[in-house]
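What follows is a set of notes on a single structure, which appears directly below.
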Amino acid sequence: MYGLFSRKFARRERISQQQLHDLQSGYYNIPIGRKRVWFHVASLGEFRQAEPIISVLKESLPEIYICVTVFSPSGFENIGDKEDIDLLMYLPFDTRENANLFLESLRPDLAVFVRYEIWQNYLWIMKKMQIEKWLIASAPPNSKSSSTFFSNLYIQGLQLFDKIFPVNKLSRSYFNRIGIQTESAITDPRYDGIMRKMDSLGELNPDIYNIIRRYQKNRLLLTIGSGWKEDDQRIASPVSTKASEIFTIHVPHEPNPDYIDYLKSVYLNTYSLSELIDNTLVQEVDTLIIDKVGILIYLYAYSDFAYIGGGFGRGVHSVGEPLGAGLPMAAGSEKINTSPETDLLLQKDILQAIKGMKDMESWLDGMLNKSTRADIAQKSKNTFKSMTGASTIYAELIIDKLDTKKNNQND
């Protein structure tokens with residue numbers, strides 16, 4: 001059905017059906033006797049929450065068999081080969097036939113769904129098969145439908161889980177208000193993945209590092225992470241007026257040529273990274289555009305503070321990596337509450353909501369104050385530390401559950 005509207009989903013359906021056939025036929029050679037845990041994620045973002053749990057599970061219990069299913073094509077394509085995953089598949093569309101075939105073939109000992117994922121047929125059939133089902137890192141859906149039908153369907157889906165683990169106390173309160181009982185809140189396991197990633201970071205590419213240091217000089221470093229035009233319309237002028245004291249690195253969400261040309265028109269002395277590689281003729285740069293993907297986390301590690309893009313558009317980009325770097329942050333106010341942790345960061349003044357130019361000017365003035373900046377940076381580091389450790393907690397709960405099931409089978 002989805003294939004009628006999208007070539008990408010048509011391709012997804014072809015691959016999914018082939019994978020389901022291969023699973024049913026025994027092509028994947030799933031070893032008999034190994035405990036099987038099935039993780040389902042919507043896309044790459046949710047996989048980042050499951051990934052550190054899977055890593056701890058494999059470290060603690062190497063013989064465990066891990067199957068990961070993904071709904072979105074972008075998520076499936078970007079996860080790629082991971083040594084801790086034994087089987088990566090698209091989740092077959094939620095029909096009774098697909099769910100029956102998948103579950104009868106995989107026979108997981110435990111199913112772990114991440115964040116918002118609720119698939120009624122899979123959940124009903126697992127209930128009949130007495131397969132335990134958990135929803136982890138759970139939070140209220142981003143968009144709350146006004147339709148009573150969809151609201152009731154959502155609640156009915158939640159009721160099918162054996163355990164629901166909210167990502168924080170606010171999320172737990174939400175579930176309790178709609179009549180859903182939950183376990184105690186456990187922080188987002190994605191922060192453990194960020195911590196591992198930051199701990200294992202090598203050095204930034206020397207060419208890029210040298211360019212930054214050449215033009216930064218004695219100025220503080222502001223990184224604009226995942227920037228959009230809607231952000232630039234409000235922050236470019238205040239940033240440019242502080243150019244004598246602040247060197248800016250702009251990492252566009254989509255570094256296409258038209259957007260890069262726009263950035264050059266609104267920021268002061270602006271050049272792209274590719275223009276400066278092996279170019280010693282440029283003498284002064286106030287804004288460096290990163291037209292290269294995959295290095296934002298490195299840039300946060302070198303920064304003094306960060307502006308996170310998306311708050312005036314699709315929603316604020318991830319605050320996890322700048323928090324892991326111990327940075328004070330700001331973001332557009334219109335869609336700042338797109339993740340459960342932003343409320344906490346706003347309350348602690350680690351994250352500042354920016355409505356327009358005046359707010360940006362005020363925030364930058366605060367960041368120029370060494371004492372203010374250091375105080376917020378320390379709160380950022382402490383908060384990040386307090387939010388780590390969830391992957392170990394989840395892994396221990398899963399292992400305990402598998403051990404309990406094994407002992408019950410032996411009795």
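Values in this text are rule-based calculations from the coordinates and carry no lab data. Everything numeric in this text was worked out from a predicted model, so none of it was measured. With ideal geometry, Cβ positions are generated from the backbone for all residues, glycine too; neighbour counts draw on all protein chains shown.
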message = Give me the dipole magnitude in Debye, nearest 20, for the chain about the Cα centre, with unit charges on the beta carbon: positive for Lys and Arg, negative for Asp and Glu.
response = 840 debye
Rounded FRET efficiency, nearest 0.05, which uses the C-beta distance separating residue 282 from residue 233 and R0 of 30 Å = 0.70
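With an 8 Å cut-off on Cα pairs and a minimum separation of 6 or more residues, tell me the relative contact order of the chain in percent.
Once divided by the residue count of the chain, the mean separation gives 13 percent.
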ask   = Distance from the Cα centre of region 163-195 to that of region 21-99, in angstrom?
value = 22 Å
For residue 305, residues with placed amide H under 5 Å, excluding near neighbours = 221, 223
task = Scan around residue 69 for amide H atoms under 5 Å from its own, H built in the peptide plane at 1.01 Å from N, and keep only partners 5 or more places away or cross-chain.
result = 39, 40, 41, 89
ask   = For region 230-365, what size does the Cα cloud have along each of its three principal axes, sorted from largest down, in whole Å?
value = 46, 30, 27
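To make sure I understand, if each residue's beta carbon is the centre and we count other beta carbons within 10 Å, what order do 203, 230 fall in, fewest to most?
Numbers: 203 7, 230 17.
Least crowded to most crowded, the residues run 203, 230.
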request  = May I ask which of 8/355; 264/370; 292/370; 242/264 have a Cα-Cα span longer than 27 Å here?
outcome  = 8/355; 264/370; 292/370
request  = Could you check the simple spin-label distance between residue 338 and residue 218, using points 7 Å along Cα→Cβ, in nm with one decimal?
outcome  = 3.9 nm
query = What are the ³J(HN,Hα) values, in whole Hz, obtained from phi via the Karplus relation 6.51 cos²θ - 1.76 cosθ + 1.60 with θ = phi - 60°, for each residue of region 36-50 in sequence order, with x given for Gly and Pro?
reply = 10, 10, 9, 9, 10, 10, 6, 7, 5, x, 6, 4, 4, 7, 7
inquiry  = So if I take the centroid of the Cα atoms in region 219-255 and the same for region 319-388, what is the distance between those two points in Å?
reply    = 16 Å
request  = Inverting the mean 1/r over all pairs of different Cα atoms, compute the Kirkwood radius of the chain and quote it in Å.
outcome  = 23.2 Å
query = Cross-link partners among lysines for residue 401, C-alpha distance below 29 Å, same-chain residues fewer than 8 apart left out?
reply = 35, 58, 82, 127, 128, 133, 163, 169, 197, 385
Cut-off 20 Å, label 7 Å out along Cα→Cβ of residue 8, residues of region 61-91 by amide N = 69-81, 89-91
message = Taking R0 as 60 Å, what FRET efficiency do you get between residue 96 and residue 370 from their Cβ-Cβ distance, rounded to the nearest 0.05?
response = 0.45
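Cut-off is 10 Å between beta-carbons; in what order do 200, 318 appear when sorted fewest neighbours first?
On the way: 200 7, 318 19.
Starting with the residue having the fewest Cβ neighbours, the order is 200, 318.
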key: Cα gyration tensor category, rounded, prolate or oblate, for region 17-112 with a/c compared to 1.5   = oblate
